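Below is one structure, written out as structure tokens, with a few remarks after it.
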Amino acid sequence: MLFLFIITILQQLLISKQCQIFDQQILLGNYYTNNGATLAIIYFKSHGLCDKQIKINLIKLRYESVNIDGIYYLNTATIESSMQIKFNHDYYITLEDMQLLLRLPKKYGKEPISIAEFEGSFQLINNKSILNVPAFDMIKSINVESIHLILINGCDIGNILKNLQKKIGKWTILIGRYACKTRLQHLKYDKYIQIQENQQVTLIQTKQKQQSNYVKIDIFNLNDNQFKYDYYLNDELIKQELVIKNTIEKNNSETDCQPYGQRISLGYYYTNYNNSNELINIAYNTLSYCPSGFLHIYDNKSVDQWVSLSEIRTLNMSQIYEDTSYNFTYVTYINIASLNNSILPYQGQIYYYKIYGDANSESLAYQFKVPLKEYDNQIHKMIFFGDMDSNWTGNKSKETFDWFQSIQSNQSDYDVLIFEGDMAYNLESLDCQQGDWWLRNMSTFSGYYPLLATPGNHDSGKNNEYDFYRISFLSPELDLNTRDNFYNFYSVDLGLVHYIFYNPKNIVYNESNQTEIDYMVKIMENDLLQATKNREQVPWIIVNSHFPMYCSNETDAMCSYNFIALKPFAELFSQYGVAIYMSAHQHNYERDAPFINNQSQINTGLITDGPEQHLIMNSAAPVYIIEGSAGQEYYTPLVPYPQQPYTIYQTGYNDGIGILYVYNETHLYFEQIDLIEKKVVDYVWVVQIRGINEEKTFNILLWIILALALILTIGLVIYYIMRRQMIKEKLLN
């Protein structure tokens, strides 16, 4: 017995010697990070397997031991919320012959709390109790003493946003490096306390020189509207600051900043202004005024940008119609972010984006391509459509929306969308709810492709001022988007094509005087003249308008009158070599021959391949296309209409869209797709080898002639010299 007793004592002494506890610490539990049940974790290492009890006062804790590579043991014991541990009460944890102080903070108390940082590791200090924050790579969110602490080791914006959206604590305090602070300026929080040197007066002045500096921040929650903090660097007090909550801001429950109706448009870079400070604009709507909204723009390479709003427009229909008999209550806010070439450095590339109406209102992820302004020797495709609603009571336009949804990730195939007018039917109907539905639904396509639009008669509003359209939809028109020219004239260059958009509504409805008509014609001529000067780089011109030059509907006065009312424009189109005139208004697809003043071309050099005219070569007038079959329920046409002298092809009442292929400086190809039958129903090649190409050909021929003349001259000289030499030799012989 004595022998066994001695052996037992020796074993215990050996185990005690082997245990040798080190690196003991208390870790903050998941109760404070993600509402878990663990309040804290007792963590220590030992050289040998320990057989010692861990106690909190008189409470015994179980712990687990894991051998690490045969070198030491890692021992952990958890303190669970079920143990009825009191908050802000001192407990002493006994580890062999040492003690650790544990004082757990409340989640929603108001006691002072400290946070310390050293080389990327954080500690929560409650009075004298040190709770180490478990190691993390990027972001750690902690809820303690009514403060939502977001600790930042790496500037993972998406993760920060998700944590900011958590409705916890009276205060939201971010602690991290200055480099991240500059990227979070659009977000909503109470204070960002930086832990790196910065000369801005409003931020902490740490004067930190090395990574080894020890930072401690004491936070005092004074009340619901004020807190203060003391900032220490290596135990030296650097700064004290009182932070006051902005009580003027509306409560989040009173605002609705959820973004909807996002739409992409081209900026002034694509115009003659060539302003690279505005490549792309992205607009979206919110039901409330949300000035803290922003965009996240990123790609698969190096772009990761956060963009604040450049403009917020208010569409208040009750104010617009306040002096009329119309009763409107609709109000919405149009939020606009302008993207320049520093945000979008690579043209022709696909970018991704998310919209945040505010820090708590996030959209889905979308993508778009920045189209090339200059030709890159590749085929480029554009989509044309018009006369479209989103009511779907009769399911019209649904096929068009479904088709657009199917190409949401096809930015490599299509550059832009061109809409030929008449949206929603009508934008102001049902107190503008019709227009609001249209905005919400159109993001199916406008959130993925730049949209170039021209307005139709159904977009003009009750007062014919185009208020809903003009305020909601962006186009790079500058001083030309005025009441004097009916709110729409602009042009852009994309590759080899100069696109013109104009709105002659008042002219075709005989509501303009001659001065107004002359003014509109002058605007058009100036633009065509400017485009002609650039014909070497941009040889094609396509004009877009809602109103057709020719159409086959005998019951519509426009089909027998427009070519007369728009004759001054048609003459310019012939003079300056416009290739295609795209329009809508009629609710089907129609392609008309390139007539001049309602007559077929005679002795102009026009070449076609027969009555179907699938080839139009060297035309002296545009090919006229009506693209009004995207789908609407406002009016059902009895189509196809009786053929007119200029009518080449018409469709029935199926949903459809047109696609333009820009092949090169001499060839365009256009096809019409029936989205019900899912097939191409019409196509045309537009070929132009005159104009600038004739000049090129002439110059080439001239150089060839000069080269031949030079060769002939040299040959004659050589022959003359050789002939003289031969004669001389004969005479000498």
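The values are calculated or read from the model by the stated rules, or taken from the named source; none is laboratory data. Just so it is clear, the structure is predicted and the values come from calculations on it, not from any experiment. Cβ: placed from backbone, ideal geometry, glycine included. Neighbour counts: every protein chain shown.
Among the residues of the range 355-378, are any modelled with pLDDT of 90 or more and touching a helix residue (DSSP H, G or I) at 6+ places or on another chain (Cβ under 6 Å)? Yes, the range 355-378 contains a residue that is modelled with pLDDT of 90 or more and touching a helix residue (DSSP H, G or I) at 6+ places or on another chain (Cβ under 6 Å). Suppose the filter is within 30 Å of Ser429 (Cβ to Cβ), at pLDDT 95 or above and part of a strand (DSSP E or B); does Tyr333 pass it? The answer is yes for Tyr333. Sort out which residues of the range 510-535 are surrounded by fewer than 15 Cβ atoms within 10 Å (Cβ to Cβ), outside any helix (DSSP H, G or I) and in contact (Cβ under 8 Å) with a residue 40 or more places away in the chain, and write them in order of number. Across the range 510-535, the qualifying residues are Asn510, Asn534.
State which residue is surrounded by the most Cβ atoms within 10 Å (Cβ to Cβ) when the search covers only the range 608-648 and only residues that are of a type in the set (Ser, Thr, Tyr) and under 19 Å from Ile383 (Cα atoms). It comes out as Ser629. Looking across the range 358-370, the residues that are touching a Phe, Trp or Tyr at 6+ places or on another chain (Cβ under 8 Å) and either farther than 24 Å from Tyr499 by Cβ or not aromatic (Phe, Trp, Tyr) (or both) come down to Ala359, Glu362, Ser363, Ala365, Gln367, Lys369, Val370. Look at (1) modelled with pLDDT under 95; (2) in a strand (DSSP E or B); (3) within 21 Å of Glu428 (Cα to Cα) and you find that Val307 fails only one, number (3). Within the range 95-105, not a single residue is among the acidic types (Asp, Glu), under 42 Å from the mean Cα position of the chain (by Cα) and at pLDDT below 95. The sole residue among Ser288, Ser292 that is outside the structural domain of Ile125 (by TED's automatic domain parsing), at pLDDT below 90 and not in a strand (DSSP E or B) is Ser292. Taken over the range 261-292, the criterion of being closer than 19 Å to Val331 by Cα and out of contact with any Lys or Arg (no Cβ under 6 Å at 6 or more places or on another chain) is satisfied by Gln262, Arg263, Tyr284, Asn285, Thr286, Leu287, Ser288, Tyr289, Cys290, Pro291. Exactly one residue out of His546, His498 is touching a His at 6+ places or on another chain (Cβ under 7 Å) and either among the aliphatic types (A, V, I, L, M) or in contact (Cβ under 8 Å) with a residue 24 or more places away in the chain (or both), and it is His546. Could you please let me know if Lys533 is within 34 Å of the chain's Cα centre (by Cα) and under 23 Å from Tyr273 (Cα atoms)? Yes, satisfied. Across the range 430-444, not a single residue is classified as surrounded by fewer than 20 Cβ atoms within 10 Å (Cβ to Cβ) and touching a Lys or Arg at 6+ places or on another chain (Cβ under 9 Å). Applying a threshold of 6 Å to beta carbon distances and a minimum spacing of six or more residues, or different chains, the list of pairs starting in the range 150-179 at a residue that is closer than 17 Å to Ile195 by Cα and ending at one that is of a type in the set (S, T, N, Q) reads Ile150/Ser141; Ile150/Asn163; Arg177/Gln196; Tyr178/Gln194; Tyr178/Gln196; Tyr178/Asn198.
Of all the listed residues (Tyr63, Tyr43, Tyr32), the sole one being of a type outside the set (S, T, N, Q), modelled with pLDDT of 85 or more, closer than 23 Å to Lys162 by Cα and outside the structural domain of Phe227 (by TED's automatic domain parsing) is Tyr32. Exactly one residue among Phe404, Phe384, Phe419, Phe445 is among the aromatic types (Phe, Trp, Tyr) and under 17 Å from the mean Cα position of the chain (by Cα), and that residue is Phe445. Taken as a whole, the structure places Asp90 among residues that are over 42 Å from the mean Cα position of the chain (by Cα) and without any contact (Cβ under 8 Å) to a residue 60 or more places away in the chain. When the residues of the range 113-123 are narrowed to those that are surrounded by fewer than 17 Cβ atoms within 10 Å (Cβ to Cβ) and either in contact (Cβ under 8 Å) with a residue 24 or more places away in the chain or closer than 20 Å to Ile85 by Cβ (or both), which ends up farthest from the chain's Cα centre (by Cα)? Among residues in the range 113-123 that are surrounded by fewer than 17 Cβ atoms within 10 Å (Cβ to Cβ) and either in contact (Cβ under 8 Å) with a residue 24 or more places away in the chain or closer than 20 Å to Ile85 by Cβ (or both), the one farthest from the chain's Cα centre (by Cα) is Phe118.
When the residues of the range 360-401 are filtered to those that are among the aliphatic types (A, V, I, L, M) and buried (at least 20 other Cβ atoms within 10 Å of the Cβ), the one that is farthest from Gly628 (Cα to Cα) is Val370.
The range 610-679 holds no strands (runs of 3 or more DSSP E) entirely within its bounds that carry 2 or more residues that are at pLDDT 95 or above, more than 29 Å from the chain's Cα centre (by Cα) and outside the structural domain of Leu417 (by TED's automatic domain parsing). Is it the case, given these coordinates, that Pro568 is under 24 Å from Gly456 (Cβ atoms), in the same structural domain as Gly394 (by TED's automatic domain parsing) and either touching a residue at least 24 places away in the same chain (Cβ under 8 Å) or in a helix (DSSP H, G or I) (or both)? So Pro568 passes the test.
Among the residues making up the range 402-437, a single one is assigned to a helix (DSSP H, G or I), touching a residue at least 60 places away in the same chain (Cβ under 8 Å) and among the hydrophobic types (A, V, I, L, M, F, W, C): Trp403.
Look at (1) surrounded by 15 or more Cβ atoms within 10 Å (Cβ to Cβ); (2) modelled with pLDDT under 90 and you find that Phe220 fails only one, number (2). Of the candidates Ala584, Ala593, Ala620, the single residue that is touching a helix residue (DSSP H, G or I) at 6+ places or on another chain (Cβ under 8 Å) and touching a residue at least 24 places away in the same chain (Cβ under 8 Å) is Ala620.
Please indicate, with yes or no, whether at least one residue in the range 164-173 is of a type in the set (Ser, Thr, Tyr) and farther than 22 Å from Tyr43 by Cα. Checked the range 164-173: at least one residue is of a type in the set (Ser, Thr, Tyr) and farther than 22 Å from Tyr43 by Cα.
Here is a check on your reading of the model: is Ile320 under 30 Å from Gln434 (Cα atoms), β-branched (Val, Ile, Thr) and in contact with an Asp or Glu (Cβ under 6 Å, 6 or more places away or on another chain)? Considered against the rule, which asks whether it is under 30 Å from Gln434 (Cα atoms), β-branched (Val, Ile, Thr) and in contact with an Asp or Glu (Cβ under 6 Å, 6 or more places away or on another chain), Ile320 comes out as yes. Of all residues in the range 314-359, those satisfying the criterion of being surrounded by fewer than 16 Cβ atoms within 10 Å (Cβ to Cβ) and of a type in the set (D, E, K, R) are Glu322, Asp323.
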